[in-house]
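Okay, structure first, notes after.
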Amino acid sequence: MGNRWKAVVFDLDGVIVDTAKYHYLAWKRLAEELDIPFTVADNERLKGVSRMASLEILLSLGGKRAQAEEKKRLAERKNAWYVEMIDKLTREELLPGAERLLRQLRRDGVKIALGSASKNAARILERLEIGEYFDARIDGTRVGKAKPDPEVFLLAAKSVGVDPVDCLVFEDAPAGVEAAKRAGMHVVGIGSEENLPLADWILESLDEIQDEILYDGL
Ligand code: B16
Ligand code: MG
């Protein structure tokens, strides 16, 4: 039995940690201030999408427009509320199976990279005390083009010196699964087949990972 992948790239929000609920609460608060109707279902469209692109979606839901300066101010406002919440994150909010899989990959000598759209990724990894597992951390502060552009995953592969074909990605958002496929990688979708039709495998959580996905010659 050998490793099937030379590197594994993890999305952060929705794969390793359940921060989506905090993004939702912060966007909801902004939506209320702006008198924009915003539901949990609307929030699905923001998953994996960059902060500014998320704001655009929110404004469009209310049929509103804003100048660049105003958009910057609104995004900063939302982020301040979000940061206030994630500063209280605890290790209990690590999603099921996340740390066990990180430990297993490390034991197996597989490179581990982060491929997240979030500009708050470093803060979250630190709060969760899992930063040490990652050989490379590519996040929203490092990439110009948001998912579904493949840039974040290509940069992650390059940073650990592995070809995209030898990388496996774990992703929970449609835009992220598309980005990984466009990077030429295999993807495990965390969620439902209905929501992530492009994924090569679907799991409800990392806790369900099977040896067939990770190893050859079983
Ligand atoms: P921030 P991921 C993404 O993280 C989130 O899924 C998405 O909802 C969020 O808008 C984006 O990060 C930007 O986050 O405002 O913290 O920079 O899923 O790619 O790890
Ligand atoms: Mg995600």
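The values are calculated or read from the model by the stated rules, or taken from the named source; none is laboratory data. These figures come from a predicted structure and were not determined experimentally. Remember, those area values only see protein heavy atoms, side chains included, never the ligands or the DNA or RNA. Shrake-Rupley method; radii C 1.70, N 1.55, O 1.52, S 1.80 Å.
Accessible area of residue 132, 1.4 Å probe, to the nearest 10 Å²?
Counting only protein heavy atoms, residue 132 exposes about 140 Å² to solvent.
Once phi is turned into θ = phi - 60°, what whole-Hz ³J(HN,Hα) does the Karplus curve with 6.51, -1.76 and 1.60 give for every residue of the range 212-218, x standing for Gly and Pro?
4, 7, 9, 10, 9, x, 7
What whole number of Å gives the distance from the Cα centroid of the range 82-105 to the Cα centroid of the range 140-159?
Cα centres, the range 140-159 to the range 82-105: 22 Å.
Quick one: Cα centre-to-centre distance for the range 1-63 and the range 161-218, in angstrom?
If we compute the Cα centre of each part, the gap is 19 Å.
Kirkwood hydrodynamic radius, computed over distinct alpha-carbon pairs, for the chain: how many Å, to one decimal?
Taking every pair of different Cα atoms in the chain, averaging 1/r and inverting gives 17.7 Å.
On the full set of protein chains, 1.4 Å probe, figure out the accessible area of residue 90 and give it in Å² to the nearest 10.
60 Å²
Using a 1.4 Å probe on the protein chains only, how many percent of the accessible area of the range 20-86 belongs to carbon and sulfur?
51 percent
On the full set of protein chains, 1.4 Å probe, figure out the accessible area of residue 135 and give it in Å² to the nearest 10.
Surface accessible to solvent at residue 135 totals approximately 80 Å².
Leaving out ligands and nucleic acids, and using a 1.4 Å probe, what accessible area per residue does the chain come to in Å²?
Details: 10600 Å² over 218 residues.
With all protein chains present, the chain gives 49 Å² per residue.
Tell me which residues come under 5 Å, amide H to amide H, from residue 169 once H is placed; ignore anything under 5 positions away on its chain.
Long-range HN contacts for residue 169: 9, 186, 187, 188.
Within the set 71/181; 6/147; 64/88, which residue pairs have Cα atoms separated by over 28 Å?
Violating the 28 Å limit, Cα to Cα: 71/181; 64/88.
Quick one: ranking 25, 94 by accessible area, 1.4 Å probe, largest first, what do you get?
From most exposed to least exposed: 25, 94.
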